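The values are calculated or read from the model by the stated rules, or taken from the named source; none is laboratory data. What you see is a predicted model, and the numbers here were worked out from it, not measured in a lab. So basically every Cβ, Gly included, is an ideal-geometry build from the backbone, and we count neighbours across all protein chains shown.
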Amino acid sequence: MTNKWARIGATTAAVTTAALVGAAPAGAAPAERHCVLDSETGSQSCFADYQQVISYASHGTLSAASDRTLRAEAAAQPDGDVVQGTFFDGPDYTGSSLTITGPELCKKDGWVNWQFDLGDDWKNKITSVQPWGNCWIWLYPEPNLSGDRDGPFKENNGNIGSYMDNRTQSIGFS
C-alpha cells in the first residue's frame with residue numbers, strides 16, 4: 001500500500017507502510033501495535049506501547065503524559081522531525097496507534113499545510129486523535145483530502161464523533 005505525504009503545493013512523496021495490526025490466533029483479539037511513521041522517508045518503527053512511540057518520535061523529549069502546552073515547542077526536533085499527530089483506533093486513546101512525523105511545525109496561516117493519505121492498514125479505523133507540533137487536524141473520508149471533512153481538531157479528542165468515526169482515509173494538518 002502507498003501513502004502520500006505532501007506539503008501542499010510541493011511534490012508528493014510516496015511512502016510505504018507495513019500493516020499495523022498483526023494476525024492473531026483464531027478467536028484472539030489482534031495485538032495492539034503502536035507505530036511512528038516518518039512521512040518524509042517512509043520508515044516506520046513499531047513498539048509494544050504508546051509511551052515508547054512518543055519517546056522514540058521525540059528523541060526522548062516528550063512522554064505520553066507531557067503537558068499539552070509544551071507539545072508545539074517540544075515536538076520540533078533538532079534533526080527536523082516534528083511529531084504532528086497521533087491517531088488511535090479506539091476511543092479515549094486506546095487500541096493501536098499511528099504517530100506521524102513531518103519536517104516542520106504547522107503554520108497558522110488559514111491553509112492545510114500538509115496532507116497524508118492513510119494506507120489500507122489505517123483507512124476507516126480512526127476513533128481518537130492527538131494533535132502535536134502546532135497542528136490542527138482535519139479528517140476526510142476519501143484520499144487526497146476529498147469529500148466532506150471534519151475538524152479542525154485543535155486539542156486531544158478521545159472520541160471524534162459519529163460523523164468521521166472509522167471513516168477517515170486522509171488527514172490534513174494545518
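Checking GLY42 against (1) at pLDDT 80 or above; (2) in contact with a strand residue (DSSP E or B) (Cβ under 8 Å, 6 or more places away or on another chain), only one condition comes out false. Which one?
Looking at each condition in turn, GLY42 falls short on (1).
Is it the case that GLY95 is in contact (Cβ under 8 Å) with a residue 40 or more places away in the chain, under 15 Å from LEU37 (Cβ atoms) and in a loop (DSSP other than H, G, I, E, B)?
Numbers: in contact (Cβ under 8 Å) with a residue 40 or more places away in the chain: yes; under 15 Å from LEU37 (Cβ atoms): no; in a loop (DSSP other than H, G, I, E, B): yes.
Here the answer is no, as GLY95 does not meet what is asked.
Which residue pairs have Cβ atoms under 6 Å apart, sit 6 or more places apart or on different chains, and have a first residue in the range 110-130 that is over 15 Å from LYS154 (Cα atoms) and at pLDDT 90 or above and a second that is outside any strand (DSSP E or B) and of a type in the set (Lys, Arg)?
What qualifies is ASN124/ARG167.
Which one of ASP89, ASP49 is in contact with a Lys or Arg (Cβ under 6 Å, 6 or more places away or on another chain), of a type in the set (D, E, K, R), modelled with pLDDT of 50 or more and within 22 Å of THR127 (Cβ to Cβ)?
Details: ASP49 fails: in contact with a Lys or Arg (Cβ under 6 Å, 6 or more places away or on another chain).
Step by step, each of ASP89, ASP49 is checked, and only ASP89 is in contact with a Lys or Arg (Cβ under 6 Å, 6 or more places away or on another chain), of a type in the set (D, E, K, R), modelled with pLDDT of 50 or more and within 22 Å of THR127 (Cβ to Cβ).
Could you please give the count of residues in the range 147-174 that are over 14 Å from the mean Cα position of the chain (by Cα), among the hydroxyl-bearing types (Ser, Thr, Tyr) and either at pLDDT 95 or above or not in a loop (DSSP other than H, G, I, E, B) (or both)?
So the count comes out to 0.
Which of the residues that make up the range 105-125 are within 20 Å of THR41 (Cα to Cα), in a loop (DSSP other than H, G, I, E, B) and in contact with a Gly (Cβ under 7 Å, 6 or more places away or on another chain)?
So the first thing to find is which residues in the range 105-125 are within 20 Å of THR41 (Cα to Cα), and the list is 105-106, 113-122.
Filter once more, keeping what is in a loop (DSSP other than H, G, I, E, B): 105-106, 113, 118-122.
Within the range 105-125, LEU105, CYS106 qualify.
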